[in-house]
Amino acid sequence: MCIRDRAYTIDSSCKKYHKDYLDYYYFCGQVIAKALYEKITIKAYLNKLILKTILGINLVIDDIKYCDTEVYNSLQFILNNPLADMTSIGTFVSYKKDSESGIENFIELKENGRNIEIVDGNKHEFASLLLNKVFIAPIEEEVNSLVKGFATLLSKSLISVLDEDELELFICGDEGIDIKDWQENTVYEKPYHKDHPVIKRFWEMVEKMPTNDCENFLQFCTGSRRVPAEGFKGLRAANNRLSKFQIKERRLSDGKGFPMAHTCFNTIELPHYETTEAMAEAVHSILNTPECFKFAIE
């Protein structure tokens, strides 16, 4: 698979190098279904065409936008405007660039397509053929293999109530971090409690974090940059049991030093920082220094 526009899509060229390439896609489908079944979020943003195929939703011309926005925009112009007064728009052919060589391959969408002009009377047929011949058929084997692997663990009937956006949410988790939800689903170990000065400084620091830093800090604390689909109440420990975010005291003689994270249990040990600035400085050092990041995680 390869990444395009932040989403994983099928790399049709892999069949040239791996005779068992369909087995790899089958296994990918099983891994995704296993994670979904166990409620473990994974960073596997799949192209919406793949998600819709997993759900058994018919693909439509509008789905081309998930594959090639330039082609999609050109197609929308053809479909939404009269062509009678325009010079030749083109014929029933398409060109697709090879991802390795960069050479554009000629694809005839129907027999004698190079000699068939696109006009108002056949432009919808052209769009339909373009979707099927260029964006579906070349990767159909691979997608079907991934879907079969997925179905060995989760049948289509169990996820049929979802649409492609909801399925993505359950697989990958929520990109947004709701600080209030995080607070409401946090537990504390004595001497800390929700009104403790150090805890107030902690949430003040978190609220001021830029989005990227907040995601990195969440990863530092829990092992994942994403929140489960059901919110922070859905956080799970390494044993896959529900485990809320927890803040414990880290006893240091001078009240300085770094926090210590236990990602297996969604737990952070927090020293008694005297100011929000001192706490933020320590966390910033962890997030921006790989050696500190590794040292401060158990």
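The values are calculated or read from the model by the stated rules, or taken from the named source; none is laboratory data. Small disclaimer: the values here were computed from a predicted structure and weren't measured. In this analysis, Cβ positions are derived from the backbone assuming ideal geometry, glycine residues included, and neighbour counts consider all displayed protein chains. Note: areas computed on protein heavy atoms with side chains; ligands, DNA, RNA excluded. Shrake-Rupley method; radii C 1.70, N 1.55, O 1.52, S 1.80 Å.
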For the structure I just gave you, tell me whether Lys133 is among the basic types (Lys, Arg), surrounded by 16 or more Cβ atoms within 10 Å (Cβ to Cβ) and free of Cβ contacts under 8 Å to residues at least 40 places away in the same chain. yes
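Does Phe202 fit the bill of being more than 24 Å from Leu167 (Cα to Cα) and open to solvent by less than 30 Å² (accessible area, probe 1.4 Å)?
Working: more than 24 Å from Leu167 (Cα to Cα): yes; open to solvent by less than 30 Å² (accessible area, probe 1.4 Å): yes.
Spelling it out, Phe202 is indeed more than 24 Å from Leu167 (Cα to Cα) and open to solvent by less than 30 Å² (accessible area, probe 1.4 Å).
Could you grab me the full set of residues in region 48-75 that are part of a loop (DSSP other than H, G, I, E, B) and of a type in the set (D, E, K, R)?
Going through region 48-75, the residues part of a loop (DSSP other than H, G, I, E, B) turn out to be 56-60, 67-68.
Asp68 - this is the single residue of region 48-75 that is part of a loop (DSSP other than H, G, I, E, B) and of a type in the set (D, E, K, R).
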Scan region 131-151 and tell me whether some residue there is part of a loop (DSSP other than H, G, I, E, B) and touching a Lys or Arg at 6+ places or on another chain (Cβ under 8 Å). no
Condition check for Gln246: in contact (Cβ under 8 Å) with a residue 60 or more places away in the chain, under 15 Å from Trp182 (Cα atoms) and open to solvent by 40 Å² or more (accessible area, probe 1.4 Å): yes
Condition test on Ala238, is it of a type in the set (A, V, I, L, M), in a loop (DSSP other than H, G, I, E, B) and within 13 Å of Ile177 (Cα to Cα)? no
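Right, Ile78: in contact (Cβ under 8 Å) with a residue 60 or more places away in the chain, aliphatic (A, V, I, L, M) and part of a helix (DSSP H, G or I) or not?
Spelling it out, it is not the case that Ile78 is in contact (Cβ under 8 Å) with a residue 60 or more places away in the chain, aliphatic (A, V, I, L, M) and part of a helix (DSSP H, G or I).
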Filter region 79-95 down to the residues that are modelled with pLDDT under 90 and under 35 Å from the mean Cα position of the chain (by Cα), then identify the one that is nearest to Gly113 (Cα to Cα). Ser94
Which members of region 28-69 meet the condition of being open to solvent by 50 Å² or more (accessible area, probe 1.4 Å) and within 12 Å of Val147 (Cα to Cα)? Gln30, Val31
Does Glu281 qualify as being of a type in the set (Asp, Glu), open to solvent by 50 Å² or more (accessible area, probe 1.4 Å) and at pLDDT 90 or above? yes
